[in-house]
Amino acid sequence: MAELFSPKKRITTWRRIWLALAEAQHELGLEITENQVRQLRDALEDIDFEAAAAHEKKLRHDVMAHVHTYGEAAPDALGIIHLGATSQDIVCNADLLLFNEALELIARKIALVIDQLGTFAERYRTLPTLGFTHYQPAQPTTVGRRATMWAQDFTIALKDVEQRIDAMRLRGMRGATGTQASFLGLFDGDGAKVDQLERKIAEKLGWNPERCWDVSGQTYPRMVDAQILSALSLTATAIHKTCNDIRLLANLRELQEPIETSQIGSSAMAYKRNPMRCERATGLSRFVISLWQNGVDTAATQWLERTLDDSSNRRMSLPESFLALDNALDIMGNVTDGIVVNEAIVTANLARELPFMATEDLMLAAARAGADRQEAHEVIRTISREVAAELAEGSMQNDLLERLAGDPLFAEVELSAFEDASRFVGRAPEQVDAFIHEVVHPIRAKYRASFPQKAELSV
């Protein structure tokens, strides 16, 4: 991602467009020679950034600075570089090409996270764990079933990113206000040749010529940037939610993110094992989420065919959003590849609450055995509160079932059956299986061959 948004990649992409423009104009009969095209092709990656900076300091225009720099590397072609074009014929199309590559990389990294969460969910599909609503103990689920919820958020994000890729359009070669007047002038009013020029350039850039915007001003619609930032924000939301959940469970000691043997959690508290990777990912994600509003604000404030206040803003907001999200996804990939489950603690935490989860079933079982339902309710209510009070005072064992065993109303109830946590997780294991089969497997099949290398985290 850093390479995609590097000066080298950006300016090389500009030069690819200038080369495609010259080649297409040559093929359509303008006075551009084979030698000029060849010099442009040979100098494609010969970029003198110091010379460009010197030109820009003098000209106060980055595109023209690089026109001159390119021309110095291809001197015979200096006079025909950028012929008929406006700056945004180069900048907008280059940005869209780079954003498309960047979105494809994001999609592959999301898919890797989904794949790893699917593997984790499958492994722990039957391990009962305490569920939470309002961060209060609720009906049990399984560790694997909870992971499918995280994975599902990432599938929503992936779909949105894929839609942005599918909807990507180049601006095309449109000139100063989008009317193609300059190109029409070059071809003596021949509109068909103007259309051919645009198609040829798209094809030379490896792009489907049918996928250009129907109309544009001087720039492509800045709502596209808002859509891209929205998709990145949605992905960041999935990361933030998942990492927050892991951080909460780390506090309960049920889950832990991967940790290196010599990793230090705190300079003062040597025993600490902080969820620092998830913390870093949530911080980066929050930054990405904040930039979506910036995108819609910029799109809303464009004037008529173009205003320039978008330029400085989007040079930061778009690359930084991609770079921050890419980093957060690398962290997420590292975490989901090595989540540690402390099964004994998961089981112990559930055991402290499980009898409370069983109280409705206990009451119904007593009624089926002949007890008065209301009397059973009162016994359970009274004893449950006694047990809850003792747990609040520090007791580590929930002995509700043992106490009920001594009450005549429950004499005919097989209380030991209610010690099995798996009876309270509903269809969680089957839901995991269905999710893996119907959701994870198709994503694996589509992306497995292009999964990125797993990131090595330096910190």
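Just a few scattered comments:
- Test: residue in the stretch 224-238 that is in the same structural domain as residue 99 (by TED's automatic domain parsing) and either part of a loop (DSSP other than H, G, I, E, B) or more than 26 Å from the chain's Cα centre (by Cα) (or both): no
- Filter result for residue 363 (at pLDDT 90 or above and surrounded by 18 or more Cβ atoms within 10 Å (Cβ to Cβ)): no
- Test: residue 294 is assigned to a helix (DSSP H, G or I) and surrounded by 14 or more Cβ atoms within 10 Å (Cβ to Cβ): yes
- Yes/no for residue 94 being small (Gly, Ala, Ser), farther than 26 Å from residue 181 by Cα, assigned by TED's automatic domain parsing to the domain that holds residue 306 and in contact with a Phe, Trp or Tyr (Cβ under 9 Å, 6 or more places away or on another chain): no
- Taken as a whole, the structure leaves residue 186 outside the set of residues that are in contact with a helix residue (DSSP H, G or I) (Cβ under 7 Å, 6 or more places away or on another chain), surrounded by fewer than 21 Cβ atoms within 10 Å (Cβ to Cβ) and in contact (Cβ under 8 Å) with a residue 24 or more places away in the chain.
- The stretch 432-458 - residue that is in a helix (DSSP H, G or I) and among the small types (Gly, Ala, Ser) and, of those, farthest from the chain's Cα centre (by Cα): 434
- Selection count, the stretch 297-328, where residues are among the acidic types (Asp, Glu) and buried (at least 22 other Cβ atoms within 10 Å of the Cβ): 1
- For the stretch 196-215, the set of residues classified as over 27 Å from residue 323 (Cβ atoms), out of contact with any helix residue (DSSP H, G or I) (no Cβ under 8 Å at 6 or more places or on another chain) and not in a helix (DSSP H, G or I) consists of 210, 214, 215, listed by residue number.
- The criterion of at least 1 residues that are out of contact with any strand residue (DSSP E or B) (no Cβ under 9 Å at 6 or more places or on another chain), among the hydroxyl-bearing types (Ser, Thr, Tyr) and not assigned by TED's automatic domain parsing to the domain that holds residue 132 is met by the following helices (runs of 4 or more DSSP H) wholly inside the stretch 352-411: 359-368, 373-392.
- Single match in 177, 219 (criterion: over 20 Å from residue 28 (Cα atoms) and crowded, with 20+ Cβ neighbours inside 10 Å): 219
- Meets criteria (under 30 Å from residue 252 (Cβ atoms), touching a strand residue (DSSP E or B) at 6+ places or on another chain (Cβ under 8 Å) and buried (at least 23 other Cβ atoms within 10 Å of the Cβ)) for residue 142: yes
- So residue 145, is it more than 30 Å from residue 128 (Cβ to Cβ) and in contact with a Lys or Arg (Cβ under 8 Å, 6 or more places away or on another chain): no
- Test: residue in the stretch 347-357 that is within 15 Å of residue 117 (Cβ to Cβ) and within 33 Å of the chain's Cα centre (by Cα): no
The values are calculated or read from the model by the stated rules, or taken from the named source; none is laboratory data. These figures come from a predicted structure and were not determined experimentally. FYI the Cβ positions are ideal-geometry reconstructions off the backbone, even for glycines, and counts take in every protein chain you see.
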